[in-house]
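So the structure is just underneath, and the comments pick up after that.
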Amino acid sequence: MKYLSHKWKSRSFIILSISLLFTALLWTVSLSEWATTINMVISEPHSEPNISPLLIGVISLVKVTLLTLIPAVLCFGIMTFVSSISRFLKFRSHNMKLKS
């Protein structure tokens, strides 16, 4: 529980900003001419799928898992990258002070 509240504002800000950027990207793509042409295509109604219900459940589980893990891994990677950059800059500034 102690690590849950550790730097929660900065972590929440990072997650919120990445979510907003991703949402803005998807919104701009949805307004493009490419998306308009895709939405204009009229397709025939789907017939009954001949896939087993068990396979549909497994595919749904995989889809939800991927849609949950991809943003989490992206956030973790960005946070790791930012922390390594800040550690590098702190180490570099510390070495500069020692040389002076």
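The values are calculated or read from the model by the stated rules, or taken from the named source; none is laboratory data. None of the values given here were measured: they were computed from a predicted structure. Here Cβ is always computed from backbone atoms with ideal geometry, including for glycine, and neighbour counts include all displayed protein chains. Ligands, DNA and RNA are stripped out before the accessible areas are found, and what is left, the full protein with its side chains, is counted by its heavy atoms. Shrake-Rupley method; radii C 1.70, N 1.55, O 1.52, S 1.80 Å.
Being more than 19 Å from SER12 (Cβ to Cβ), over 20 Å from the mean Cα position of the chain (by Cα) and among the hydroxyl-bearing types (Ser, Thr, Tyr) is not true of SER60.
If we keep just the residues of the range 70-85 that are open to solvent by 90 Å² or more (accessible area, probe 1.4 Å) and within 10 Å of the chain's Cα centre (by Cα), which is farthest from ILE14 (Cα to Cα)?
Filtering the range 70-85 for residues that are open to solvent by 90 Å² or more (accessible area, probe 1.4 Å) and within 10 Å of the chain's Cα centre (by Cα), the one farthest from ILE14 (Cα to Cα) comes out as ILE70.
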